[in-house]
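The values are calculated or read from the model by the stated rules, or taken from the named source; none is laboratory data. Remember, predicted model here, so these are calculated numbers, not experimental data. Every residue, glycine among them, receives a Cβ derived from its backbone with ideal geometry; neighbour counts consider all protein chains shown.
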């Protein structure tokens, strides 16, 4: 069995053999043409050249008889020289006999040359004219022989040229045939061999994509005795096993799905399950009752379409997209069975992480929406808030009476107190102030809980908030000899805010900063522009807050050992509500042991 590597080597070997064959044939035919051409030049060209030279010498000798200006001796000398040159060329021709019949002609020419030389040797001053007819006769005979030699070699050249042409045509024919065959073989290789490799890979890729879509009825039909065949066999085996596994677990998956549906249907809280495309894939009876909707009408519908006609679904969309600015997931609904009854629900979104959905294919949903009925808790909370408000109002009267009595005791016109009595009265005054602060916080908190915060927005100077807050705390600041450092950016715009609530928020933050800063410490107050907001910063050198407690300090009734949690635990919670109700934001940055930086923002007017 040939493996894929061997087949590739064989294919490349065939291509190499075709290239080598073409190269060898080309070299062979070029060699044959070269030999034929070389034979023409080597064998015949020299003979033709020699005959032409000898004919030229004979013409020169012949023309000397007409040289009337020269004497006989000079003519004789020139004839002798020309005859010698003629003989030199003749000897070269005699050594270059190549054609059949050329020897006889050369021999005859040699005889005529001998006779011609005898005639030349007989020339003297008295008988030149008498010998010239014989010389002319010999020249004529030699020319005839030379022309015959010339013609014989020319015929040979023509014949050999025809042979070279035939060799050239034969070479062209053979090379054309070989090139055609090579071209066909290469085309077959190009079109078939890559397809042989690519086709199973392409089919395998398509089948794998089908398997990834949980379509396990896939089988590759390509059969080969190489690695591709092993790959297709392995894939077919894998697909078969996956199909077998799916068949074995389909019942379990259906049971698991039914169990989930039963759990959802059995919950008292309303539940909506959404897929990745935000389509409703499952709801229970509780949600149908809560929203007074027919489940069949919203099942498999996109929640964005449902949001067009239902405010609850619209809020869900805002929570999913992060556009919900209310910071409250609680809403109230009228009981459809009794319109005089209000019910309160808490909306909670649970996102299923992608990794969790992949671990369990039963989780085809991406988001779980829970509607928790908090009517009982809300009613208790409202009752508690009302109790706080009533209690606070009731407490204000006796506390005011106590303060009035304390002022009368401190009035020396009614009598002078001794030192011990003054200490007691001073202690009572401090506790009375603290009690008034607690009562005021509880009243503010009751306003927050009942939603009865009355904001009076106006355009105010940013520094006005700082000025009023520091003035309210002037006595407390002076008692601890705190050094206030201001950093106010120039050219700040006006802010749109409720002056009283903004001052109250800053007073609460400054009070904590003064309370937990050491005597003669320093507190920084700065105001800077931050986009469309003005940012207030209060920096102290107190004990600081740990990272895990930064969010807790803005919650209600939270206390621990860090310092900022002492008291009722309502101050920062109320400040947070005041700032956020005005459209701002409040936060803290701190390093334990290095103090705190409190920030809050107010919107630019």
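So the values come out like this:
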read-out	value
Residues located in segment 552-577, provided they are at pLDDT 65 or above and closer than 22 Å to residue 503 by Cα	553, 554, 555, 556, 570, 571, 572, 573, 574, 575, 576, 577
Checklist (1) surrounded by fewer than 15 Cβ atoms within 10 Å (Cβ to Cβ); (2) assigned to a strand (DSSP E or B) applied to residue 535, failing item	(1)
Condition met for residue 453 (at pLDDT 80 or above, under 17 Å from residue 573 (Cβ atoms) and either touching a helix residue (DSSP H, G or I) at 6+ places or on another chain (Cβ under 7 Å) or surrounded by 13 or more Cβ atoms within 10 Å (Cβ to Cβ) (or both))	no
Within segment 61-94, tally of residues that are part of a loop (DSSP other than H, G, I, E, B) and either at pLDDT 85 or above or not assigned by TED's automatic domain parsing to the domain that holds residue 155 (or both)	0
Qualifying helices (runs of 4 or more DSSP H) (wholly inside segment 217-322; at least 2 residues being modelled with pLDDT of 75 or more)	227-266, 285-291, 303-306, 311-321
Matching option when the condition is part of a helix (DSSP H, G or I), farther than 30 Å from residue 87 by Cα and either in contact with a strand residue (DSSP E or B) (Cβ under 9 Å, 6 or more places away or on another chain) or in the same structural domain as residue 107 (by TED's automatic domain parsing) (or both), among 182, 151, 156	182
Complete set of residues in segment 464-483 that are within 15 Å of residue 542 (Cβ to Cβ) and touching a strand residue (DSSP E or B) at 6+ places or on another chain (Cβ under 9 Å)	477, 482, 483
Complete set of residues in segment 489-510 that are surrounded by fewer than 17 Cβ atoms within 10 Å (Cβ to Cβ) and within 50 Å of the chain's Cα centre (by Cα)	489, 490, 491, 492, 493, 494, 496
One residue from 152, 187, 145, 169 being farther than 16 Å from residue 98 by Cβ and modelled with pLDDT of 80 or more	145
Condition met for residue 166 (without any contact (Cβ under 8 Å) to a residue 12 or more places away in the chain, closer than 28 Å to residue 46 by Cβ and part of a helix (DSSP H, G or I))	yes
